[in-house]
Amino acid sequence: MILIRPDTTIHDLITAYPDLIEDLPAAYPKFAPLRNPAARAVMARVATIEKVAGIAGVPVEKLMHDIGELIARRAGAVGGQLAAGGDRSERVAALRRIIEGLHAGGSLEDARREFQAVAGNASAGEIAEMEQQLIREGMPVQEIQRLCDVHVNVFRVGLDANKVPSMPSGHPVHTYMAENREIERRANAWAALCRRIQSGEIVCSDDLRSAIEGLESLDIHYTRKEHQLFPLLESKGFTGPSRVMWGIHDEIRAGIKAMRRAFELNDRALVVERGLNLARQITEMIYKEEHILLPTALSLLSEDEWAQMREGEAAIGFIVEPGSDWPQQAAEPAADRPADDRETGAGPNNAISLSTGSLTREQLDRILVTLPVEMSFVDDQDTVRFYSNHPDRIFPRSPGDIGRAVQFCHPQSSVHIVQAILDAFRKGERDSAQFWINFKGRLVMISYHAVRAEDGRYLGCMEVTQDITDIKGIEGERRLLQWE
């Protein structure tokens, strides 16, 4: 017997009760694909009762009850006899009480005991929903981030039961999991080197430099989550937990930079002290991904959405190259991106009229790509509408960012500044803002510009990023006639 809950997968259900392969399609014709072994092998591992209830157009509570009736009928019993594991809203409320008690100074052991007593079978989705509610009702993201590891330790017994289904190679989840194994290997190798330094067996060496460089590439994995996975989750109303996770990404990034500085200064004590903590943070992030983020994402996102994500991943890159078994056919173009020239009203021979002259769509697109700057445009509702797909981008962008609220495109540590700039533009108090930073050995200027209509209406904000390292070093002059 298994619990029938909204997050129970169809795979687990039909494994325990094989008769449902015939009984469910008989009761709900939309479940007919269950009878197809190939379709069942792919979809049943991903689909939850909650997800298929939406497909069938029936409330999840009714579907759970009907499944219980079908199983009970096969067993010759009267009425459904499976426990539904309690009401979802009651479990989420119980989780909130536990976490609010922790944040108020309660003990970890008391929290664990209460979790086991009242919500020990809570799902990853319910834990994420609890964090979402706390943020929506005013608890700062940074406060949840501060105690995130404590939360996980409280719920670990329940979370251990949440295992990510095996997905075909090429599926974004399969790629995330493959990368996690490589990240795990690098983190363990890093920790082993730190312990050898601690014991005096070795000193800071080229092996350590190589290990740091291996950790630095984690940024690719985290960036893909931030710009590919998180936007789709946000479209489902899942915003709080992803913001918390982004904050932890930034803590890990800062830790890796600190390790680089400590190594360059040959500060063995600092390398060891912070290095072991960094390895722990990295492995804890893997646990959160595989027991909270990815199971929740699989329950929320459709096959088409995963396929759209797969299309955009290459814009950021990979630690481990994805396989090619999935998807078997291309996804439909994303709704926020024009599929062809017909949707824009401009074809190859149909020029777009501008305030001074006209350009074809192809010319305009290639001009924006060729300009020696990166540009992004956010509309008057703070929604990302465009970025120039520069071949050598300084900062990552992906198709997943289009249609996303710009506030979710920045880490929590800086989003309040972005909001202040946009508010000043919207009120007409400022027209631009400039910043410059040292980034990967280069000097980079980032400027924001208010875009206004001829009558002064605020239309949005243009972000322009440029590597000014070589420009800053220019002296004298070089005239056109000196070109060779």
Practice prompt. Output the number of residues of the range 204-237 satisfying the condition of being part of a helix (DSSP H, G or I) and closer than 23 Å to Trp190 by Cβ.
Written response: 20
Response to the item:
With the first residue restricted to the range 438-461 and required to be in contact (Cβ under 8 Å) with a residue 60 or more places away in the chain, and the second required to be acidic (Asp, Glu) and in a strand (DSSP E or B), Cβ contacts under 8 Å at 6 or more apart or on different chains are Leu459/Asp379; Gly460/Asp379
Worksheet item: Quick check: anything in the range 116-125 part of a loop (DSSP other than H, G, I, E, B), polar (S, T, N, Q), within 23 Å of the chain's Cα centre (by Cα) and not assigned by TED's automatic domain parsing to the domain that holds Val244?
Response: yes
Practice prompt. Report yes if some residue within the range 414-434 is touching a helix residue (DSSP H, G or I) at 6+ places or on another chain (Cβ under 6 Å) and under 30 Å from Ser235 (Cα atoms); otherwise report no.
Written response: yes
Fill in: Neighbours by Cβ (under 7 Å, 6+ apart or cross-chain): first from the range 260-286, closer than 20 Å to Gly441 by Cα and crowded, with 18+ Cβ neighbours inside 10 Å; second at pLDDT below 90 and of a type in the set (Lys, Arg)
Ala262/Arg274; Phe263/Arg209
Discussion item. For the range 160-195, which positions are within 28 Å of His11 (Cα to Cα), within 19 Å of the chain's Cα centre (by Cα) and of a type in the set (A, V, I, L, M, F, W, C)?
Written reply: Val164, Met167, Val173, Met177, Ala178
Discussion item. Checking the condition crowded, with 19+ Cβ neighbours inside 10 Å and basic (Lys, Arg), which residue from Arg243, Arg253 passes?
Written reply: Arg243
Discussion item. Step by step: first the residues of the range 217-251, then only those that are closer than 16 Å to Asp401 by Cβ and acidic (Asp, Glu), then the one that is modelled with the highest pLDDT. Which residue is that?
Written reply: Glu226
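Every residue, every condition in (1) at positive phi; (2) assigned to a strand (DSSP E or B); (3) under 29 Å from the mean Cα position of the chain (by Cα), yes or no:
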| site | (1), (2), (3) |
| --- | --- |
| Arg430 | no, no, no |
| Trp436 | no, yes, yes |
| Val444 | no, yes, yes |
| His449 | no, yes, yes |
| Gly456 | yes, no, no |
| Leu459 | no, yes, yes |
| Val464 | no, yes, yes |
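Do you know which residues across the range 146-155 are surrounded by fewer than 20 Cβ atoms within 10 Å (Cβ to Cβ), touching a residue at least 60 places away in the same chain (Cβ under 8 Å) and either more than 24 Å from Thr239 (Cβ to Cβ) or not aliphatic (A, V, I, L, M) (or both)? Working first, answer last.
Start the filter on the range 146-155 by keeping residues that are surrounded by fewer than 20 Cβ atoms within 10 Å (Cβ to Cβ), which leaves 146-147, 149-150, 152-153.
Pick out the ones that are also touching a residue at least 60 places away in the same chain (Cβ under 8 Å) and you get 149, 152.
Hit for the range 146-155 is Asp149, nothing else.
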Worksheet item: Has the range 401-418 got at least one residue that is farther than 16 Å from Asp382 by Cα, free of Cβ contacts under 8 Å to residues at least 60 places away in the same chain and surrounded by 15 or more Cβ atoms within 10 Å (Cβ to Cβ)?
Response: no
Worksheet item: Going by the conditions given, is Ala72 of a type in the set (Gly, Ala, Ser) and either at pLDDT 75 or above or out of contact with any Gly (no Cβ under 9 Å at 6 or more places or on another chain) (or both)?
Response: no
Worksheet item: Is it true that Ile468 is in contact with a Leu (Cβ under 9 Å, 6 or more places away or on another chain) and closer than 25 Å to Ser217 by Cα?
Response: yes
Worksheet item: Does at least one position in the range 153-164 carry a residue that is under 24 Å from Ile282 (Cβ atoms), part of a helix (DSSP H, G or I) and of a type in the set (Phe, Trp, Tyr)?
Response: yes
Worksheet item: Going by the conditions given, is Arg260 more than 30 Å from His390 (Cα to Cα) and basic (Lys, Arg)?
Response: no
Response to the item:
Taking the range 437-451 and keeping residues basic (Lys, Arg) and under 12 Å from Val378 (Cα atoms) leaves none
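The values are calculated or read from the model by the stated rules, or taken from the named source; none is laboratory data. Computed from a predicted model, the values in this text were never measured in an experiment. Using ideal geometry, Cβ is built from the backbone for each residue, glycine included, and neighbour counts are taken over all protein chains shown.
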